[in-house]
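Structure, as structure tokens:
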Amino acid sequence: MSEKFDAICPIFVEYFDQRKTEQIGSGVLLEIEKYVFLLTAAHVADIQSQGDLLIPAARGLTEIYGQFAHVAVPHGTKRADDKIDIAYFRLDQNLVSELHPSLR
């Protein structure tokens, strides 16, 4: 991809038990080689245990899919005390092609 991305990508959650959707944070889209990453805070990504994480796509909100990694909470501490607090998704190429046009 030769296009530049807008810096900020809102992240939403659709809670499993409530079928309610709300914005919970944001991330930054970053392209490295041919891969697109969504960088966010680990405390935002942790919410995926409560529901599906969603981002804007051309046809509405769509679930984030691809590879996921995060910095684990150090033993004996809480996420709130985590000084690093970083996570990322390497977005699947199909998801990249579905992103909302404002995320370029």
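Cα centroids of segment 27-41 and segment 66-84: 19 Å apart.
Solvent-accessible area per residue for the chain at a 1.4 Å probe radius, Å²?
Working: 6590 Å² over 104 residues.
Per-residue value: 63 Å².
Between the residues A58, A41, G27, the greatest Cα displacement towards the positive end of the dipole of segment 16-63, with unit charges on the Cβ of Lys, Arg, Asp and Glu, is found for A58. In terms of packing, defined here as the mean over residues of other Cβ atoms within 10 angstrom, the peptides 63-70, 18-25 line up highest first as 63-70, 18-25. Over the chain, what percent of the accessible surface lies on carbon and sulfur atoms, probe 1.4 Å? That share works out to 51 percent. A helix-only calculation puts the chain at -2000 deg cm²/dmol for mean residue ellipticity at 222 nm, using -39500 (n - 2.57) for each DSSP H run of at least four residues, averaged over all residues.
Which net charge results for the neighbourhood of Q50, defined as the other residues with beta-carbon distances under 13 angstrom from its beta-carbon, given Lys and Arg at +1 and Asp and Glu at -1?
Working: positive: R19, K20; negative: E14, D17, E22, D46, D52.
Surrounding charge for Q50 is -3.
The values are calculated or read from the model by the stated rules, or taken from the named source; none is laboratory data. Because the structure is a prediction, the values reported are computed rather than measured. Backbone-built Cβ (ideal geometry, glycine too); neighbour counts: all protein chains shown. Ligands, DNA and RNA are excluded from the accessible area calculation, which covers all protein heavy atoms including side chains. Shrake-Rupley method; radii C 1.70, N 1.55, O 1.52, S 1.80 Å.
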